[in-house]
Amino acid sequence: MSTEIMTLNMGPQHPSTHGVLRLVVELDGEIVEKITPHIGYLHRGIEKLSEHRTYHQTIPLTDRMDYLAPMHNNLGYVLAVEKLLGIEVPERAQTVRVIMAELTRLKSHLVWIACHALDIGAMTVFLYAFRERELVMDIYEMVSGARMTSNFFRVGGLSKDVPEGFVPAVQNIVDTFIGHFDTYEGLLTKNTIWLQRTVGNGVISAEDAINYGLSGPPLRGSGVDFDLRRDEPYSGYEGYDFQVAVGEKGDTFDRYKCRLVEMRQSISILKQALGKLKPGPVLADEPQVCYPPKEDVYNSIEGLIHHFKIASEGFPAPEGEVYVGVENPKGELGYYLVSDGSAKPYRMRVRPPSFVNLSAIEKMAKGSMMADLVAVIGTLDIVLGEIDR
Amino acid sequence: MTWDAIDIGLMLAKIAVLFFIILTLAAYLVLAERRILAWMQDRKGPNRVGPQGMLQPLADLIKMLTKEDLIPAAADRVLFAVAPAMASIPAILTFAIIPLAAPETIFGHRVSMQVTDLDVGILFFLALSAIAVYGVALGGWASNSKYALLGSIRGLSQLISYELSMGLSIVPVVMLAKSLRMSDIVNAQAEMPFIVYQPLAFVIFLVSILAECRRIPFDLPEAEGELVAGFHTEYSGMRFGLFFVGEYINIIGLGALASLFFLGGWRGPLLPPIVWFFVKVTAFSFFFIWVRGTLPRLRYDQLMHLGWKFLTPLALVNILVTGWWLSLR
Amino acid sequence: METIVFYILAAVTLVGTVLAITARQGVHAIVYLVTSFFALALIFYLLGAPMVASFEVIIYAGAIMVLFLFVIMMLDLGKPEKIQTPKLYDWCPAILLLVVITGSMGVLASRAATPLNAFAGISVQEFSFTLFKRYGAAIEIISMQLLFALVGALYLGRRR
């Protein structure tokens, strides 16, 4: 029987396209024949904007890219600038960065499991995960004053030291979250319907995953053992003991398991990082680059001038180009900076993991059913802010 | 058959009371669902309108009625307008055969607590659930929207598939009661509710009515993650409200039938019959809500497999076994 | 009372069927046909055959027409078929049908009308005993035939 192909426009307003993704799907009945992603609805020209801003002024732009993992975006960017400048970051700042990065991973993965479960119909997990995410948000607010657009890291360290109550709050997360993860697994991993929906869905082989340039859980779910935190450690990750979760079949269930193991590992890293957290400076001793302490700015004319100079002129970076990749919750987030010796980058290019991961959507969902496509969008864990930039 | 004025008046009174009861119940079931789900999900739920949100259904009704009634430009206007009624009327009509309590004698007049005790009660119910398909199908088709069309095609195939297993799972009940009449079925359970003899049929019936109500895990026709809102994507205001209320009336109606078929209807010790019946229906409604809070959604082909390759054969085998057992007895 | 109801239902059946034939859009035709099935079912009920009435709705309106609807919905997205203006010889079958109907009406009318029985429902038991005891073998044969047809249709559908 010959059937008519139906073209369905999914998005940009659609409950499960996670923001403003637009997919033009060609359907043969319920079977997906072709998927054409249309992106750019959230394009704000962040890369171009950064060429007209000093290095410090770009930091707030970066946390608007992957708005589910803002601190990790900040981290990648400041690491790139620090590499360009050749600055060493103090021990305490590095540890706090690791804590915030892992909390960010938890936060991002919690949103992922929430939306993924909701797309497949498990409504309760959604609300549970958002309840837990709120605790991470509280810590965000505690350290940076903002729940999403954190802008907390600075070139050379942190904007300020973490406040009192930070350690107990993180400790609370370390203590309670494993139990919450068990709840999710109880609701999902042990649920036959969940297994039916995820096992064998959106399969991508290890070879294909590498060829598409996938990274993060979509890559590891296919059995490729690659994690930048371990393979190209940054911010002191070499000093932590953690496992990299690797799947086997490369289906949605394996990616789901990978992310859940990652969340458990994050808790373990957090535990170790809390042990390492020793008092000390949180900003490198680099007066050319780093802002002076706030007391100096308010109380001395030299401090005020110092602050004003860095804020208005920025600092010149040596000529050259650097690339730094960090293991964002979504995959490899890379910052490529070209400097012509001025106080503004000549070019900033971001390698957004979601953008690259999204390219595999047709490979993963073609020939499956409409409902599987939704599951694949969920399992890719894309953020449009990062794809469009 | 003689119809005197009392009978007609009684009938009209029964219909009026029943209407009031089911509409109120349905409205409060919506509220109950929201509150219970909220409780399961560790949040508050609607609690602002009136004490504990008890006036929320009223507020919702006002909102629905005052909303703009949008009809898409390319829609089939007549069918689009009629479809919500087609979906909710069969749900309401089902209550005509449901006995709410034991017959009472008032002023020497024997009054049965149901609108009509049809000889072919169960068939009437099956016929109504067969027509209920039209609301879903035509509503989606008339919207002239692709999501709605996909939703209504899904709805069509789901409803007719699960009607089959639902119908087959009631057959053993009819075999045990030796009647299609509702009152006979309830009376046949005077000693023991049928769930004791027919646990399998009960389970099949329960799963099938979940699918008939289009509830999670079978809410594919309106799966919001995939089809936005499925067959009622284009509906707004009270037309959407009719689909919505129809769904909840259906939950109550099917819950009532499940308790009539398998739990002995209004029969129970100590408490008055009407209370027992209410308790049983509420228990089924709670079960529906609970399932929604727990399970994810099936995929279309998995849904069909479950219906055709598992439930229907199982129901057939169950009929054969029941027949064999009855012939031995 | 029953006579009035009967005539209303008969009119609905006839009008529904005529409209079903003349409707340009498949879905509309189905809706008209289902309406006439409903009226027909009620006529059966009036005749004292509630079983038949329910089966009329369950099987015809609820199953067969739904499958038709399914197919039609899958096929077109609301584009009404373009109809050519009927030529003279296109009218021949209609005229033939008209002649047959008038003829049979005439024959029926010429006989003395047997008065309708008052409403007397046949119980489900009676109905089933007649169906499965007296005509049991026939029922079995027909159902086997349907099964063959089902398998055959499946085979034909699968072959491609």
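Across peptide A:370-378, the average count of Cβ atoms from other chains found within 10 Å of a residue's Cβ is 4. Each label point was placed 7 Å from the Cα along the Cα-to-Cβ direction; for C:GLU140 and B:LEU10 their separation is 4.6 nm. Across peptide A:4-17, the mean count of Cβ atoms from other chains lying within 10 Å of each residue's own Cβ comes to 3. Charge dipole of the protein assembly as shown (Cα centre as origin; +1 on each Lys and Arg Cβ, -1 on each Asp and Glu Cβ, all else neutral): 1600 debye, rounded to the nearest 20.
Quick one: putting +1 on the C-beta of Lys and Arg, -1 on the C-beta of Asp and Glu, what dipole do you get for the stretch B:4-57 around its Cα centre, in Debye to the nearest 20? Here the stretch B:4-57 has a charge dipole of around 460 debye. Among B:VAL133, B:GLY151, B:THR116, which residue has its Cα furthest toward the positive end of the charge dipole of the stretch B:69-194, with +1 on Lys/Arg Cβ and -1 on Asp/Glu Cβ? Ranked along the dipole, the leading option is B:GLY151. Comparing A:GLN272, A:ALA69, C:LEU42 along the charge dipole axis of the protein assembly as shown, the residue lying farthest to the positive side is C:LEU42, per the Cβ-charge model.
Charge tally around C:ILE43: other residues with Cβ under 13 Å, Lys/Arg +1 each, Asp/Glu -1 each, net -2.
Under 14 Å from the Cβ of B:PHE286, count the other residues' Cβ atoms, weight Lys and Arg +1, Asp and Glu -1, and hand me the total. That sum, taken over residues with Cβ under 14 Å, equals +4. The peptide list B:268-281, A:104-117, put in order of mean Cβ contacts within 10 Å with the highest first, becomes A:104-117, B:268-281. Given axes a ≥ b ≥ c from the Cα gyration tensor, I'd like to know whether the stretch C:1-77 is rounded (a/c under 1.5), prolate (a/b larger than b/c) or oblate. In terms of gyration-tensor shape, oblate. For the stretch B:67-328, the dipole from Cβ point charges (+1 on Lys and Arg, -1 on Asp and Glu) about the Cα centre works out to 260 debye, to the nearest 20. Taken one residue at a time, the phi angles of the stretch C:17-31 give Karplus couplings (6.51, -1.76, 1.60, θ = phi - 60°) of 5, 4, 5, 4, 6, 8, 4, 7, 9, x, 5, 4, 4, 5, 4 Hz. Gly and Pro are set to x. Can you bin the protein assembly as shown into rounded, prolate or oblate? Criterion: square roots of the alpha carbon gyration tensor eigenvalues sorted a ≥ b ≥ c, rounded for a/c under 1.5, prolate for a/b above b/c, oblate for the rest. Here the protein assembly as shown falls in the prolate category. Kindly identify the stretch A:242-357 as rounded, prolate or oblate by the Cα gyration tensor criterion: order the square roots of the eigenvalues as a ≥ b ≥ c, call it rounded if a/c is under 1.5, otherwise compare a/b with b/c, prolate if a/b is larger, else oblate. It is oblate, given that a/c is not under 1.5 and a/b is not larger than b/c. Peptide A:22-31 has a mean shielding of 2, counted as Cβ atoms of other protein chains within 10 Å of each residue's Cβ. In straight-distance terms, cross-link reach from B:LYS146 covers every one of the lysines whose alpha-carbon lies under 16 Å from its own, apart from those fewer than eight places away in the same chain; here that gives C:LYS79.
Listed by chain and number, the lysines placed with their C-alpha closer than 26 angstrom to that of A:LYS160 are A:LYS83, A:LYS107, A:LYS271, A:LYS276, A:LYS278, A:LYS294, A:LYS309, A:LYS344; residues fewer than eight positions away on the same chain are left out. Amide H to amide H distances under 5 Å link A:LEU27 with A:MET6, A:THR7, A:LEU8, A:GLU33, where only residues 5 or more positions off or on other chains count and H is placed in the peptide plane.
Residues whose amide H comes within less than 5 Å of that of A:ASN201, counting only those at least five positions distant or on another chain, are A:THR252, A:PHE253 (H built at 1.01 Å from N in the peptide plane). Computed 3J(HN,Hα) for the stretch A:347-358, one whole-Hz value per residue from the Karplus formula 6.51 cos²θ - 1.76 cosθ + 1.60 where θ = phi - 60°, is 8, 10, 10, 10, 9, x, x, 4, 4, 5, 5, 4, glycine and proline marked x. Relative contact order for the stretch B:171-329: 30 percent, from Cα pairs under 8 Å spaced at least 6 residues apart, divided by residue count. Sequentially through the stretch B:64-72, phi angles give Karplus couplings (6.51, -1.76, 1.60; θ = phi - 60°) of 4, 5, 8, 6, 5, 8, 7, 10, x Hz, Gly and Pro residues having no value and appearing as x.
By the rule of a C-alpha distance below 16 Å, with chain neighbours fewer than 8 residues away ignored, the aspartates and glutamates paired with A:LYS48 are A:ASP63, A:ASP340, A:GLU386, A:ASP388. Distances between placed amide hydrogens fall under 5 Å for A:ARG347 paired with A:VAL338, all partners being 5 or more residues away or on another chain.
Cut-off 19 Å, label point 7 angstrom out along Cα-to-Cβ of A:THR192: give me the residues of the stretch B:297-328 whose amide nitrogen falls inside. Inside the label zone: B:297-318.
Rule-based calculations on the coordinates, nothing more; no lab input. What you see is a predicted model; the values in this text were computed from it and never measured. Neighbour counts are summed over all protein chains in view; Cβ atoms, including those assigned to glycine, are modelled from backbone coordinates with ideal geometry.
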